[in-house]
Amino acid sequence: MFSFAIISIERCLATVFYKSYEQCPKWLGAWFGIVQIVIPFVCSGIISTEYDFTDRFSYCSVVSRSNFDLVMQIGYIFMVCELLALIFFHVALFVNWRRKQLRATMDPTGRYQITENFRTIATITPLIWCHFLIIVLSSIIYFAYASLNPTFDPRIYPILEESSNQIYWHGVLLPFIFFALYQ
């Protein structure tokens with residue numbers, strides 16, 4: 001989930017520094033990759049500090065009675081990151097679209113970078129919208145559950161997780177979305 005935020009930052013950098021982005025340091029991509037690896041480990045570490053290891057569950061979960069609120073907060077933080085990624089993508093898409101309209105006075109490197117930015121962002125934006133809408137649906141279900149049942153019930157939580165976690169639809173819907181957009 002956090003990878004969309006990293007990709008949006010990378011595309012924003014490509015948009016801002018379009019004249020020299022082609023010569024950007026090679027370690028920049030490695031740095032973004034390291035950040036994408038470190039963030040889940042940090043979140044797992046934070047969640048595990050509050051996890052009640054004495055609880056026994058009949059399902060595999062990182063959520064227990066003691067860390068339910070923390071997991072919800074981290075989920076909302078990720079949702080905000082994805083919303084910011086969407087905003088960054090739309091701003092970068094608009095900026096690149098405007099530059100593409102005025103590209104007659106640019107050098108070939110700038111024209112290429114703007115065209116590449118526009119094409120990449122226009123391709124990735126539907127992917128992020130699909131993912132974001134599915135995450136919002138899952139979050140609404142979780143929020144409704146937390147509002148209606150503020151105490152964590154280990155017998156009901158697996159049913160909640162299985163019925164509200166709809167992220168698998170992302171892989172199912174995305175080919176249809178791309179087919180509809182690019183047929």
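Yes or no: Leu70 part of a helix (DSSP H, G or I) and surrounded by 16 or more Cβ atoms within 10 Å (Cβ to Cβ)? Reasoning before the result, please.
On the way: part of a helix (DSSP H, G or I): yes; surrounded by 16 or more Cβ atoms within 10 Å (Cβ to Cβ): yes.
When the stated conditions are applied, Leu70 passes them.
Of the residues that make up segment 8-21, is at least one out of contact with any Gly (no Cβ under 7 Å at 6 or more places or on another chain), in contact (Cβ under 8 Å) with a residue 60 or more places away in the chain and polar (S, T, N, Q)? Explain how you work it out, then say what you get.
Here is the first cut: in segment 8-21, the residues out of contact with any Gly (no Cβ under 7 Å at 6 or more places or on another chain) are 8-17, 20-21.
Now restrict to residues that are in contact (Cβ under 8 Å) with a residue 60 or more places away in the chain: 8-9, 11-12, 14-15, 21.
Those left that are additionally polar (S, T, N, Q): 8, 15.
Yes; the residues of segment 8-21 include at least one that is out of contact with any Gly (no Cβ under 7 Å at 6 or more places or on another chain), in contact (Cβ under 8 Å) with a residue 60 or more places away in the chain and polar (S, T, N, Q).
Of the numbered conditions (1) out of contact with any Phe, Trp or Tyr (no Cβ under 9 Å at 6 or more places or on another chain); (2) within 20 Å of Tyr168 (Cα to Cα), Leu102 satisfies every one except a single condition; which is it?
Of the numbered conditions (1) out of contact with any Phe, Trp or Tyr (no Cβ under 9 Å at 6 or more places or on another chain); (2) within 20 Å of Tyr168 (Cα to Cα), the odd one out for Leu102 is (2).
Please tell me if Ile124 is at pLDDT below 90, surrounded by 18 or more Cβ atoms within 10 Å (Cβ to Cβ) and either within 21 Å of the chain's Cα centre (by Cα) or under 23 Å from Ile6 (Cα atoms) (or both).
On the way: at pLDDT below 90: yes; surrounded by 18 or more Cβ atoms within 10 Å (Cβ to Cβ): no; either within 21 Å of the chain's Cα centre (by Cα) or under 23 Å from Ile6 (Cα atoms) (or both): yes.
The answer is no for Ile124.
Being free of Cβ contacts under 8 Å to residues at least 12 places away in the same chain and assigned to a helix (DSSP H, G or I) is the requirement here; does Gly45 meet it?
Yes: the conditions hold for Gly45.
Residue by residue through segment 128-166, note down the ones that are modelled with pLDDT under 70 and among the small types (Gly, Ala, Ser).
Once the filter is applied, which keeps residues that are modelled with pLDDT under 70 and among the small types (Gly, Ala, Ser), segment 128-166 yields Ser163, Ser164.
Has segment 128-148 got at least one residue that is under 18 Å from Ala14 (Cβ atoms), out of contact with any Lys or Arg (no Cβ under 9 Å at 6 or more places or on another chain) and touching a residue at least 60 places away in the same chain (Cβ under 8 Å)?
Pass one, segment 128-148, residues under 18 Å from Ala14 (Cβ atoms): 128.
Restricting the remaining residues to those that are out of contact with any Lys or Arg (no Cβ under 9 Å at 6 or more places or on another chain) gives 128.
Then keep just the ones that are touching a residue at least 60 places away in the same chain (Cβ under 8 Å); that gives 128.
Within segment 128-148 (the criterion being under 18 Å from Ala14 (Cβ atoms), out of contact with any Lys or Arg (no Cβ under 9 Å at 6 or more places or on another chain) and touching a residue at least 60 places away in the same chain (Cβ under 8 Å)), the answer is yes, since at least one residue qualifies.
With respect to Ile114, determine if the residue is among the hydrophobic types (A, V, I, L, M, F, W, C) and surrounded by 14 or more Cβ atoms within 10 Å (Cβ to Cβ).
On the way: among the hydrophobic types (A, V, I, L, M, F, W, C): yes; surrounded by 14 or more Cβ atoms within 10 Å (Cβ to Cβ): yes.
So Ile114 passes the test.
From the list His90, His131, which residue is out of contact with any strand residue (DSSP E or B) (no Cβ under 6 Å at 6 or more places or on another chain), assigned to a helix (DSSP H, G or I) and surrounded by 16 or more Cβ atoms within 10 Å (Cβ to Cβ)? Write out each step before concluding.
Details: His90 fails: surrounded by 16 or more Cβ atoms within 10 Å (Cβ to Cβ).
Going through His90, His131 in turn, just one is out of contact with any strand residue (DSSP E or B) (no Cβ under 6 Å at 6 or more places or on another chain), assigned to a helix (DSSP H, G or I) and surrounded by 16 or more Cβ atoms within 10 Å (Cβ to Cβ): His131.
From the list Thr115, Thr109, Thr105, exactly one residue is within 27 Å of Lys19 (Cβ to Cβ) and modelled with pLDDT of 85 or more. Which is it? Full working, then the answer.
Numbers: Thr109 fails: modelled with pLDDT of 85 or more; Thr105 fails: modelled with pLDDT of 85 or more.
Of Thr115, Thr109, Thr105, the one residue that is within 27 Å of Lys19 (Cβ to Cβ) and modelled with pLDDT of 85 or more is Thr115.
The values are calculated or read from the model by the stated rules, or taken from the named source; none is laboratory data. Just so we're clear, the structure is a prediction, and the values are computed from it rather than from any experiment. Note: ideal-geometry Cβ built from the backbone for every residue, glycine included; neighbour counts use all protein chains shown.
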